[in-house]
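The values are calculated or read from the model by the stated rules, or taken from the named source; none is laboratory data. Keep in mind the model is a prediction, meaning the values are calculated, not measured. We place every Cβ from the backbone using ideal geometry, glycine too, and count neighbours over all the protein chains shown. Only protein heavy atoms, including side chains, enter the accessible area calculation; ligands, DNA and RNA are left aside. Shrake-Rupley method; radii C 1.70, N 1.55, O 1.52, S 1.80 Å.
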Amino acid sequence: LGKLEGVTPPDFDSEAGQAAVLEAGGVYEQLSGSHKEKIVYINLVPGTTIAPNADDQAFVVDAWIAGEFDLDVGKYLTAAASTVEQLGGPLKAKLIVPSPALTAEDVVGVLKGRGWEAEIIKESTVSNLIPVAPEGLMKCVDARPSNHP
């Protein structure tokens, strides 16, 4: 317990970590209580986060920050999901999207900004688009089927 698979433990103690955070201009907070998260919020609203609430705990993934540091969004979200899983957190997420919600044009802009070619196409032009069953359909991002339950 208390170890994250594949993560090398830091070579400093909590006091040295606190000093480094403060020296870098950060804020060090001591959280009260124990982990009782009920949900994972994946926040896509730039420049925002969820205020802590000890009476209604949640894991918060400010996914918009990945773009600020030119991170691979898929890897960032996979690492976040793995962390929640390894901490025994809830496997339930709510995605918070900007109002108005993210559009297809927004996605094209993000991809083009990363050097991709991207275009919007209509569902009627994709012959292999299939409905999913209520129990879901698990597949890899490259469309290979998975044997994951």
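Taking Asp55 as meeting all but one of (1) more than 19 Å from Ser34 (Cβ to Cβ); (2) surrounded by fewer than 16 Cβ atoms within 10 Å (Cβ to Cβ), write down the number of the exception.
(1)
Being in a loop (DSSP other than H, G, I, E, B), touching a helix residue (DSSP H, G or I) at 6+ places or on another chain (Cβ under 8 Å) and not basic (Lys, Arg) narrows it down to one residue among Ala54, Ala63, Ala101; which is it?
On the way: Ala54 fails: touching a helix residue (DSSP H, G or I) at 6+ places or on another chain (Cβ under 8 Å); Ala101 fails: touching a helix residue (DSSP H, G or I) at 6+ places or on another chain (Cβ under 8 Å).
Going through Ala54, Ala63, Ala101 in turn, the sole match is Ala63.
When you scan segment 14-47, how many residues do you find that are on the phi < 0 side of the Ramachandran plot and either among the basic types (Lys, Arg) or without any contact (Cβ under 8 Å) to a residue 24 or more places away in the chain (or both)?
The initial filter retains those residues of segment 14-47 that are on the phi < 0 side of the Ramachandran plot, namely 14-24, 26-32, 34-46.
Within this subset, residues satisfying the condition of being either among the basic types (Lys, Arg) or without any contact (Cβ under 8 Å) to a residue 24 or more places away in the chain (or both) are 14-24, 26-32, 34, 36, 38.
Counting residues in segment 14-47 that are on the phi < 0 side of the Ramachandran plot and either among the basic types (Lys, Arg) or without any contact (Cβ under 8 Å) to a residue 24 or more places away in the chain (or both) gives 21.
Does at least one position in segment 17-37 carry a residue that is at pLDDT 85 or above and under 22 Å from Lys92 (Cα atoms)?
yes
Restricting to segment 16-46, name every residue that is surrounded by 13 or more Cβ atoms within 10 Å (Cβ to Cβ), part of a loop (DSSP other than H, G, I, E, B) and in contact with a Leu (Cβ under 9 Å, 6 or more places away or on another chain).
Glu37, Leu44
Taking Gly88 as the residue in question, decide whether it is assigned to a helix (DSSP H, G or I) and surrounded by fewer than 12 Cβ atoms within 10 Å (Cβ to Cβ).
No.
Cβ contacts < 9 Å: first residue under 16 Å from Gly67 (Cα atoms), restricted to segment 81-108; second residue of a type outside the set (A, V, I, L, M) and open to solvent by 100 Å² or more (accessible area, probe 1.4 Å), any location; separation 6+ or different chain. Result?
Every condition considered, the pairs that remain are Val108/Trp116; Val108/Glu119.
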